[in-house]
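Report on one structure; see the data block that follows.
The values are calculated or read from the model by the stated rules, or taken from the named source; none is laboratory data. Everything quoted here is computed from the prediction, not taken from an experiment. Cβ atoms come from the backbone with ideal geometry, glycine included; neighbour counts cover every protein chain shown. Areas reflect the complete protein model, heavy atoms only, side chains present, ligands, DNA and RNA absent. Shrake-Rupley method; radii C 1.70, N 1.55, O 1.52, S 1.80 Å.
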Amino acid sequence: MEINKILRYKKHIQTIFCPLIDLKIKNLQYGLNTAASNNLIISLTSYGERIKELKYTLYSLFTQRFKPDKIILWLDNKYNTAEIHSLFQKFISRGLEIKFTGDIGSYTKLIPALKELPDSIIVTADDDIFYPSDWLEKLYNSYCSDKSCIHCHRAHKIIIRNNEILPYEQWEKQINSQESAAYTYFLTGVGGVLYPPHVFSNEIFEEAVFKKLAPHADDIWFWAMAVLNSTKIKIVKNNINTLTTTNILRLLNFYKDKTLYFYNKTGGNDKQLNNILNRYPIIKQRLIEEGKIKLIFNITSLHSWNKKNGHRAGVFQAAQNILDEFTKDSCFSIAFYSNYKYFYFIKDFLKSNFNKYILIDERPAYKIIAGKIIYYSDKVSSKLMYLFIYMFRVLESLFPYNHKLKNTLDTYDVYFSPFEGVEKEFLDSNIKKYQFIHDVIPLLESKKLPPYHWANSVYRNIINDVYYFTNSEYTKNDFLKIFNYINPQNVKTAYLGCTRKPLNKTNIYKKYNISEDKKYILSLCSLGKRKNLKFAIDNFITFINQNHINDTVMVIAGAVWSNYKKELKNLDSNKNIIFTGYIDDEDLPNLYSNAFAFIYPSLYEGFGLPALEAMIYGCPVIASNRTSLPEICGNSALLINPENNEDILKAFKLIFSNPNIRQELILKASDKALLFTWSKTFNIIRQEILQHVQKQN
């Protein structure tokens with residue numbers, strides 16, 4: 001079994017021809033760095049029969065292309081000094097220092113050196129490995145690129161699932177070079193490790209503690225004391241993964257002096273690691289936090305969080321609910337990003353809602369000024385405001401790129417936008433990019449958008465380097481028709497969700513001026529032209545007049561866009577039509593629940609969230625048979641042609657005259673709506689992100 005275990009890793013193991021090395025040792029001409037300018041020390045130890053083979057490891061250290069200033073061999077005091085000096089005379093003559101110290105087992109390779117040479121760069125080596133000639137050079141070059149972390153050739157990746165560290169055998173073994181340092185890179189001393197000065201917690205010297213917690217796991221202790229001191233581990237560029245052993249028989253367990261490998265592979269590592277983590281829980285916390293996917297959430301869509309206007313429509317609701325799901329998931333470490341126009345509105349939002357999260361603030365000076373002016377725009381004349389906006393657009397075209405932001409982005413894994421398009425700095429970073437597409441209405445209405453149309457910020461940079469989520473199959477198909485160069489594999493449908501919230505004690509009839517002695521048909525949406533409300537209102541008036549209905553009104557709820565006010569103005573005085581304006585979120589359950597029916601005759605919808613909301617509160621729905629609405633409502637609503645008067649009049653008649661049909665719609669609607677949840681929406685997004693990030697790693 002032992003041999004089989006080794007053979008599985010044979011690509012990482014080779015051996016030397018000892019007689020040839022013996023001959024080379026006799027003629028050893030190499031020494032150390034006599035200039036001693038780098039304060040670079042190689043430190044190692046040995047014990048038992050292994051000392052007789054140590055000469056091969058020492059030869060490999062003395063023949064390094066890049067020379068250390070010192071090589072120190074630390075041995076237990078029990079050894080005979082004269083015999084040891086005789087055994088290593090050739091190396092001593094070339095600069096080897098042998099120092100005797102107390103017996104602390106494998107810890108001897110580093111602890112005494114740290115005590116005696118606290119300001120030195122210490123490189124540890126194992127006593128049964130023949131190191132290639134560029135081994136030390138690679139370690140030192142890596143150190144010069146980043147002097148804040150520990151550098152090693154061999155490391156395993158600690159794997160964390162559901163906030164728990166998996167057993168040692170399930171870690172990713174012998175990982176290759178990585179661009180960044182990490183706590184989760186578990187250094188293995190056999191490959192050689194470079195420790196800069198002062199990278200450990202002072203507790204590293206607590207002999208009684210490490211002998212009790214990790215008596216056979218010096219690597220675990222050294223790694224833990226580094227993490228405890230907030231020091232990360234970096235794998236050197238072009239790291240050496242294949243080791244050359246000086247005695248393959250020892251590795252195959254032919255000797256009685258069993259290696260630590262054979263102790264730790266049977267669960268010793270896990271036991272000793274748990275001992276340390278139980279004593280120092282902050283280490284586990286740091287691992288868990290680092291193991292999270294570092295995600296930037298574009299929170300610009302929530303800039304109207306404290307306003308009562310049309311901006312708090314479907315896009316706002318989707319962004320808010322998807323964000324809530326992200327913040328509940330332990331896989332993600334979240335930071336926020338907002339475009340400069342709404343930066344200060346978002347800053348206020350985070351203070352009130354997510355004050356523990358970071359808002360990335362990497363804006364050039366002119367964007368800081370622009371954000372402030374927009375934030376205080378109610379105190380600036382409209383003409384002056386337009387002048388400022390024009391000026392900043394000119395500056396934006398002259399200085400479109402933000403290098404400082406680009407550098408920050410490279411420290412994150414994922415960018416997710418629930419609405420806004422991807423900015424150039426994000427495109428040029430290595431970050432994985434995701435954008436949610438709610439519809440392509442502006443592009444269908446106009447083949448070429450005006451230069452400063454709001455939709456330009458949504459549909460800019462639609463490229464294959466970005467992954468997209470659409471809220472319906474209909475939106476997905478339209479999106480791929482317009483952007484026909486996008487790989488369909490990069491587009492996934494994630495239906496929006498709906499949550500049934502409890503009713504409150506508000507008297508909505510009194511609050512919104514609805515007669516309590518009358519039924520009402522409800523429509524709720526931002527009142528733009530494509531919502532086709534005039535069609536619904538005209539036909540409702542026709543229906544109640546033809547059928548002499550006096551006990552029903554139509555309630556039109558939602559903020560009216562300014563360019564649509566003229567069309568509705570002549571209906572404002574009709575006593576059978578009630579415009580409530582914006583509805584407070586907490587009143588929506590009552591409004592839906594008390595409605596006789598819900599009408600949604602939209603000409604185009606990417607999804608149609610209000611129809612789904614009405615369904616979840618048991619309100620029968622009359623909806624358009626266009627675009628995404630049949631996909632969302634199915635046979636749980638009465639679907640009509642939104643441009644056919646006879647169709648909508650027939651639907652009104654069914655709702656009013658046939659209680660059985662109305663009751664059937666209520667039951668079907670409630671069941672259908674329960675299929676759409678925000679957790680389902682998020683799980684599709686989550687799985688796509690995890691798949692891409694894990695594949696990349």
Odd one out for L194 among (1) in a strand (DSSP E or B); (2) modelled with pLDDT under 95 = (2)
ask   = Would a scan of region 553-568 turn up a residue that is in a loop (DSSP other than H, G, I, E, B), open to solvent by less than 50 Å² (accessible area, probe 1.4 Å) and modelled with pLDDT of 85 or more?
value = no
ask   = Would a scan of region 203-220 turn up a residue that is surrounded by 20 or more Cβ atoms within 10 Å (Cβ to Cβ) and within 31 Å of the chain's Cα centre (by Cα)?
value = yes
query = Tally time: how many residues in region 471-486 are outside any helix (DSSP H, G or I) and touching a residue at least 40 places away in the same chain (Cβ under 8 Å)?
reply = 2
ask   = Can you pull out the residues in region 427-470 that are assigned to a loop (DSSP other than H, G, I, E, B), of a type outside the set (K, R) and touching a Gly at 6+ places or on another chain (Cβ under 7 Å)?
value = H438, D439, N461
ask   = Which pairs do you get when a residue that is surrounded by 12 or more Cβ atoms within 10 Å (Cβ to Cβ), found in region 15-30, comes within reach of a residue that is among the hydrophobic types (A, V, I, L, M, F, W, C), reach meaning Cβ atoms under 8 angstrom, with the pair 6+ apart or on two chains?
value = T15/I248; I16/F130; I21/F130; L28/F62; L28/F91; Y30/F62
inquiry  = What's the number of the only condition in (1) in contact (Cβ under 8 Å) with a residue 12 or more places away in the chain; (2) farther than 25 Å from Y340 by Cβ; (3) surrounded by 14 or more Cβ atoms within 10 Å (Cβ to Cβ) that H438 fails to meet?
reply    = (2)
ask   = From the list Y357, Y390, Y342, Y375, which one is open to solvent by 40 Å² or more (accessible area, probe 1.4 Å), modelled with pLDDT under 80 and of a type in the set (S, T, Y)?
value = Y390
inquiry  = If I filter region 679-697 down to residues being polar (S, T, N, Q), in contact (Cβ under 8 Å) with a residue 60 or more places away in the chain and under 28 Å from P589 (Cα atoms), which single residue comes out as surrounded by the most Cβ atoms within 10 Å (Cβ to Cβ)?
reply    = T681
query = Restricted to region 73-98, and to residues that are within 19 Å of F130 (Cβ to Cβ) and hydrophobic (A, V, I, L, M, F, W, C), which residue is most open to solvent (accessible area, probe 1.4 Å)?
reply = L87
ask   = Any residue at all in region 203-214 that is out of contact with any helix residue (DSSP H, G or I) (no Cβ under 6 Å at 6 or more places or on another chain), modelled with pLDDT of 95 or more, charged (D, E, K, R) and assigned to a loop (DSSP other than H, G, I, E, B)?
value = yes
remark   = Filtering region 570-611 for residues that are assigned to a loop (DSSP other than H, G, I, E, B) and either farther than 29 Å from A319 by Cβ or charged (D, E, K, R) (or both) leaves a count of 10
remark   = Restricting region 313-334 to residues that are within 30 Å of M391 (Cβ to Cβ) and not β-branched (V, I, T), the one modelled with the lowest pLDDT turns out to be F316
message = Suppose the filter is touching a residue at least 40 places away in the same chain (Cβ under 8 Å), open to solvent by less than 30 Å² (accessible area, probe 1.4 Å) and on the phi > 0 side of the Ramachandran plot; does G618 pass it?
response = yes
remark   = Of the candidates T506, T475, the one satisfying the condition of being within 28 Å of L612 (Cα to Cα), β-branched (V, I, T) and open to solvent by 40 Å² or more (accessible area, probe 1.4 Å) is T506
Enumeration of residues in region 257-292 that are at pLDDT 90 or above and either open to solvent by 60 Å² or more (accessible area, probe 1.4 Å) or within 20 Å of the chain's Cα centre (by Cα) (or both) = K271, N274, N278, R279, P281, I282, K284, Q285, R286, L287
message = Out of A181, A208, I need the residue that is closer than 22 Å to S230 by Cβ and small (G, A, S). Which one?
response = A181
task = Filter region 215-256 for residues that are modelled with pLDDT under 90 and not in a loop (DSSP other than H, G, I, E, B) and give the result.
result = L243, T244, T245, I248, L249, R250, L251
ask   = Any idea how many residues of region 53-93 are in a helix (DSSP H, G or I) and basic (K, R)?
value = 2
task = Could you list, in sequence order, all residues of region 330-339 that are buried (at least 16 other Cβ atoms within 10 Å of the Cβ) and part of a loop (DSSP other than H, G, I, E, B)?
result = C331, S338, N339
note = Residues in region 575-608 that are modelled with pLDDT of 90 or more, touching a Gly at 6+ places or on another chain (Cβ under 8 Å), open to solvent by 10 Å² or more (accessible area, probe 1.4 Å) and not polar (S, T, N, Q) total 0
In region 234-246, residue nearest to S133 (Cα to Cα) [restricted to those that are buried (at least 23 other Cβ atoms within 10 Å of the Cβ) and among the aliphatic types (A, V, I, L, M)] = L243
note = Within region 121-150, residues being in a strand (DSSP E or B) and over 26 Å from the mean Cα position of the chain (by Cα) number 5
query = List the pairs whose first member sits in region 448-463 and is free of Cβ contacts under 8 Å to residues at least 40 places away in the same chain and within 13 Å of G421 (Cα to Cα), whose second member is of a type in the set (A, V, I, L, M) and part of a loop (DSSP other than H, G, I, E, B), and whose Cβ atoms are under 6 Å apart, counting only residues at least 6 apart or on separate chains?
reply = A455/L449; N456/L449
ask   = Out of curiosity, is K157 open to solvent by less than 60 Å² (accessible area, probe 1.4 Å), basic (K, R) and at pLDDT 90 or above?
value = yes
inquiry  = Being open to solvent by 30 Å² or more (accessible area, probe 1.4 Å), touching a Cys at 6+ places or on another chain (Cβ under 6 Å), not aromatic (F, W, Y) and not in a loop (DSSP other than H, G, I, E, B) is the requirement here; does E631 meet it?
reply    = no
task = Output the residue which, of all residues in region 641-678 that are over 23 Å from S593 (Cβ atoms) and touching a residue at least 24 places away in the same chain (Cβ under 8 Å), is surrounded by the most Cβ atoms within 10 Å (Cβ to Cβ).
result = I648
inquiry  = Suppose the filter is closer than 22 Å to Y412 by Cβ and either touching a Phe, Trp or Tyr at 6+ places or on another chain (Cβ under 7 Å) or open to solvent by 10 Å² or more (accessible area, probe 1.4 Å) (or both); does L323 pass it?
reply    = yes
